[in-house]
Each structure stands twice: as C-alpha cells, then as structure tokens.
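Input: a single structure, listed below in structure tokens.
The values are calculated or read from the model by the stated rules, or taken from the named source; none is laboratory data. Keep in mind that what you see is a predicted model, and the values were worked out from it rather than measured. Note that each Cβ is placed from the backbone with ideal geometry, even for glycine, and that neighbours are counted across all protein chains shown. Ligands, DNA and RNA are stripped out before the accessible areas are found, and what is left, the full protein with its side chains, is counted by its heavy atoms. Shrake-Rupley method; radii C 1.70, N 1.55, O 1.52, S 1.80 Å.
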Amino acid sequence: DIVPLAVCGAILPDGKEIGDAVFRGVPSKGMFCGGAELALTESDCVGASVDGVLIFPKGTPVGVDINDVLGFDDIVLDVAVTPNRPDCNSIIGLARETAAALGRQFKLDGRLFDFDCAKGGDIRDYIGVEVKDGVLCPRYSAAFVKDVKIAESPAFIKKRLRSVGIKSINNIVDITNYILFEIGQPMHAFDLRLIEGAKIIVRRAEKDEEIVSLDGKLNVLRDDMLVIADTKKPVAVAGIMGGLHSGISRDTTQIVFESARFKRDSIRVTSKALNLKSDSQARYEKGIDFLSQELALKRALSLVCQLKIGTVVSGVIDSLGKPPQKTVITTTTKKINGILGITVPDKDISAILNSLEIETVIDKNGVLTAKAPLYREDIQNVNDLSEEVIRLYGYDKIVPTLLDDARQTRGGKSQAQKTAEKLKTALTGLGFNEIISFSFTTAKAFDNLGLALDDKLRTAIKILNPLSEDLSVMRTTLVHSVINAAAYNINKGAGALRLFENSAVYLPKSLPLTELPDERARLGLAVTGEGEDFFSIKGVIETIFDIFGIAVEYKRSGRPYLHPGRSADVYYGAEIIGSFGEVHPDVLKNYNIKDKRVYVAELDSGFILTNAVTIRKFRAAPKYPSIERDVAIIIDDGVEAGHVVEVIKKYADKDLLEDVKIFDVFKGEQIAPGKKSLALSLVFRSCDRTLSDAEAKAATDAILNGVKNETGGVLR
C-alpha cells in the first residue's frame, strides 16, 4: 500500500509535531496518517473519511510531498480587506487592485458570463417573484435551471474552494460559494419543490414568526427583519442564511438561483439579533454594489452549462427598475493637491484614476471630471479621489511641512492624568503589581460575592451579544475582578500577592437603558501572603489618603463579602468612599481559595483624584519639644475605638493636641466581662512655647472627662 507518512519533525495540521517514540518496545521513527490526522475530507481525497490509514491509488509516486499528490502545492495569498473597500472582497476585486498597483491592464474575460445551454421556455412559467419591501431589498433577481444533475464538483472548483476555507458540498451549492469569492456576490439556490405556491415573496417577517436555519437553530423573528418566503412560510433569512428545508438535496432537479442586494443596515441588525453569521452576511454588511447581481447570475448559469449539469430556462426576473447611474465628481487638480499637501502632476492623477477604472478627464484649466464605476460606491467626493491618488502615487512622497499659520503647541498631561499616575506610582512603591481585567463579567459574580438579591450592585447592564456567559454583563464593582485575579494566581502556586486595578465600573441610570450609564472610576486592591492582615491593607489605604491630603474616617463595614469583624468602610464626612477588609471565608470557597486569607479593598478613585490636595501649605518644623502621655481607658466592648478617637479630638485643645494613636486593645481576666482596655498615645505640642507638665495634665484631664461623658470610659 502507498500511504502518507509523517517523519520525525513533521508538523500535523493540528500543530502536533511527530518525534521519536517507542511502542511496545519497538522504536518508531514516524507515523502513518489517516484523513483525520491530515484534516482531509472525502472531497479532498477518496478514502479520507475512513477511520484508519489513508491508502492512495496504485501508481501514486512514492517519496514525494503529499501536497504535490493532493494538488495542494498552490500559493495562497492571504489578504486583509479594510471595511471601506467591499469591492475587494472578491478575486475579481483583488485582480483590479493588483493590476492598478503593478501598472497592468485588468481584463475581465467575457466568456465567463456566456451560457449556451438555454432551451427556451420562460422562467415565469415555473416561478414567480414579488418584492414587497423595496427599501430593504433594492434589487432581487432570479434565474431558473431544470434537468439538474446533483453530483460532486470538478477538481478545480473543489481545490479553489478549499484554498479559501470552504468545504465542497455538491456542484450547485459549490457554484454559489465559488461565485461568492470570485465576484463577491452572495447567492442562494432554492429547490423548487420546497417553494410552496411556486412563488418567492421578499417581505418583512411577521412578529414572532419562526424559521429553522440551515445550522439547525430555531430563530424567532421580529417584524423589522427581512425574509425570503413562499406563499405559506419563510424559507430563508434574507442575506444571512437559508432555511433548513430550502436547501439542495441529491434528488433535486429544478432550482432557482437568487442574486440580490439587501440593505446592509438591516442585515447587520438581523444578524446580531439572531446571532447568525455567514460568509454572505459578512459581505452584505459591508455593502454589495448594483453591478454584481447581474454578473453573478450570468456566471452561475455559465458554470451550469460548462459543467453540463442542467438546462437554463430563458429569461431572468429582476426587480430593479431604473438602472443605477455612475457617480460623477467635478473638481480641480489644485484642490486634490491642496488636500494632499503636495503637487502631483496632472498626467499622474489622470493615469492613476483611469487605472482604477475611474473614468477621468482633466481639461487645460485643471478642471477634473471623474465617473466612479458602479462597483465603487465608496467614491463620493474629492476627498475620496484624493485618497485613491495618493495610495498609488505613494505616501512616501508626502513631504512633512508646517502649515502656514501653524504654531508650536505646548503639550503635557492634565492634572487628572498626573494625579492618576501619582496613585499608580504610590501603589507600585508599596509593592503592588497592576492588573487589567475585562470590563465584562459574569452575573454569577454577584452570587460569588454573596450580595443580597436587592443589592444595587446586582443592577448590571446585560450585553446583547456576549462573547460567553462569563462575559455577559458590565461590572458594577471591582471586587470580583481582583479576587478572581488573586484566586487564579494562588491556584497557580503564588504565595504572596499585592495586586491593584484602577478601572471603571458601569452603573446604569435606568433599566432598560434609555441613556448612557455612569462610568465611575474605582481602585481595587487584593493582598495575600505571610505577614499580611487587616492592618497591613489598612496601612496601605491610610498611606494613599495621606499622600493625597484627604482626611477620612473608618467605621465597621457590613459588606457581605467581607469578614464582619475584620472590615471597615471609609468615610469622608457622611459619604462612604470605599470599603476594605478580609474576604469572608464563604466567599473564598466560591473562588476555590483554600487555606489562605485574602484582603481586598475597593475605593472611589474618582473621588480621590477629584479631591486630592495638589498644593500643600508650608508648615515649619516645630521649634519646641512635644510631651507624650499614654493612657488606658476601660470602655464597653461595643464602643468602637474610632469613636473614642473622635471624642478625644472633640474635647482636646486644638492648639495643643498634635496626634492621637491607639497602640493596644486588651481583654482578659483583669478586665470586667463586656469591657475592654484601650491604650492610647496622646502627643501635645505648642508652636510658640515649651509646654509644662501642668498644661499637659490639664489637657489630658479635659480629654478623659470628655471620654467619660460621651462613652462612659474611665481611666484604668
């Protein structure tokens, strides 16, 4: 047997590389391949579908490259076409461009569109066409073929289709796909038996009308969607995909070729709404010219005759009324040169435009008259002509020059940009690494965080065409993003982490959306590792607010995703501008984090950047010494330490108290049940004299009396 062999070093289509191996003690220096390993189908090679080694016919040359044997030795040119050039979405379009770029003449062989197998009769004896919506379908044309012989396509068609990634199906379907790439005009072939009433009706769908498309999907239609229907039901979603029972089968003998132009906005909206994609839809979305429908229909009939697979019935049904006219543009070469900023000789402008089949005449006064071909509907004005000229004349010939009235501008970053960079610099200095995550997230994130069903953070904007379920809504909080990033790294073996993300969250003003949502800047932090605790992340937050000169307070937090005893909300006056603390153990389980403590924070970075103190008042270093007094106060266990600090500041002499810090909290046998001991350090200093012990004692006593009156706390 003659079989395909992949020797050591060979790379299979799926990327697998063949190397030395040992099977049952026997060395292996390669692999015999089947059709599956070579990504071949039966249309590529007979026997490719067999579950086993592919066996070539006797007489196949041995020792040659398999691409030579299969005829896959051709060179494929992969071209990326920009959205503004739909005319280049075809072999003919690319040939025109290539000819212009190389200074050659483009020739379209008229024999490609001739057919000699017409046998009289009239198409209207077999099929009728009614276009009920001429806005969404400006042109619908149809041709009829009888005595059709469904068979395998010839090798040249299969080979060319394969080179553009299309699988061969049968000769009729292959013809429509072949023309799609050759001319750029989508086509469809209907089996006459499946068109009830022998009539094609181009209409808008009825509300909630249903159709099963060729991919087996049930689609519920809206009344703004265009369908191709018969007298009883829709048989295709116009311009996108045919119905499941409208296709060509082996026993088809009579077909209707469809070649139409549909409004591209309608195709785009319908495709997104139904989540239906196809090669035809991709081209209709970008735009199909009025010339292509006739060319494609003639080419299809020509191939039918060339392959001898049917008889063409005379006549074509075409809904187009007045033939389209070429766009005429009158301008001057001076204006074109003014747009380009250089002087292109008149003869070069004329030669370039005419090489692109833009009929151009320039008179002795420099007045230019151009007629754009029907397939170049993107050319509408002098700016379009200028673009055509310069792309072939050469962008390298543009000489950089200053404008006559130009002035040098002074660039720089805005204050907001500088402040944002300062925030990032501060965090990296504190050992954090920046992360960037998707603004899309999953609706499951709210369940993972344990948010209540009525939590406002659950009011998220849903994506109409999500990439996946995990990216189906716009995020309303960064907490999920930073915990998710921490979980990913922890589960990959990371021990210590300090992560931050400064990004936007999206809060809808109303649902359903009637206006753009609020985009709020947020700062998310995640910390984990040995030595990290509630106070370490609190220290980071205190440092941030100190850097930006914003005085904040901390109070116990009730966020469901935070540990109730190791969390806090950040207040600016009466406004909450953030929360932080240890992630609740139950929430960590939802992220598959085990035996780790993770601390997170979410701050309103927009508030920070807006209220940051950019200029600080000068304050001279103190000339006089300070006096420090340590006191321990017995208070009820339920009294927050932060409240005690507030009371101290309230009753202290503002000119003397410089600082107050809590350095210990104690509960034990020496303290009565329900009580705790709070140790504080009070620092006093005067800016104009050295304080005496008596003054410090008086200030301390005033503070202790205030604490007793406000909280019931007494000196230990």
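Things worth noting here:
- Ile483 being assigned to a helix (DSSP H, G or I), among the hydrophobic types (A, V, I, L, M, F, W, C) and either within 23 Å of Ile608 (Cα to Cα) or open to solvent by 40 Å² or more (accessible area, probe 1.4 Å) (or both): yes
- Pairing each residue of the range 212-225 that is of a type outside the set (Val, Ile, Thr) with any residue that is loosely packed, with under 15 Cβ neighbours inside 10 Å, provided the two are 6+ apart or on different chains, yields C-beta distances under 6 Å for Leu218/Val212; Asp223/Lys207.
- One residue stands out in the range 543-574 among those that are of a type in the set (D, E, K, R) and not in a helix (DSSP H, G or I): the one that is most open to solvent (accessible area, probe 1.4 Å), namely Arg556.
- Some residue of the range 592-614 being of a type in the set (Asp, Glu), under 24 Å from Ser536 (Cα atoms) and in contact (Cβ under 8 Å) with a residue 24 or more places away in the chain: yes
- Annotation: of all residues in the range 627-646 being without any contact (Cβ under 8 Å) to a residue 60 or more places away in the chain and either in a loop (DSSP other than H, G, I, E, B) or not acidic (Asp, Glu) (or both), the one that is surrounded by the most Cβ atoms within 10 Å (Cβ to Cβ) is Val645.
- The range 491-501, subset outside any loop (DSSP other than H, G, I, E, B) and open to solvent by less than 40 Å² (accessible area, probe 1.4 Å), residue farthest from Thr476 (Cα to Cα): Leu497
- When residues of the range 330-354 are limited to those that are in contact (Cβ under 8 Å) with a residue 40 or more places away in the chain and of a type in the set (A, V, I, L, M, F, W, C), the one most open to solvent (accessible area, probe 1.4 Å): Ile339
- Close pairs (8 angstrom Cβ cut-off, 6 or more residues apart or separate chains): at negative phi in the range 355-380, part of a loop (DSSP other than H, G, I, E, B) and among the aromatic types (Phe, Trp, Tyr) anywhere: Leu374/Phe290
- The single condition from (1) farther than 30 Å from Glu258 by Cβ; (2) not in a loop (DSSP other than H, G, I, E, B) that Asn365 fails is (2).
- When we screen Thr311, Thr327, Thr252, Thr270 for residues that are among the β-branched types (Val, Ile, Thr) and open to solvent by 40 Å² or more (accessible area, probe 1.4 Å), the only hit is Thr327.
- Residues located in the range 132-182, provided they are in a helix (DSSP H, G or I), open to solvent by less than 30 Å² (accessible area, probe 1.4 Å) and over 25 Å from Ile75 (Cβ atoms): Asn171, Ile172, Thr176
- Every residue from the range 189-234 that is surrounded by 22 or more Cβ atoms within 10 Å (Cβ to Cβ) and not aliphatic (A, V, I, L, M): Phe190, Asn219, Pro234
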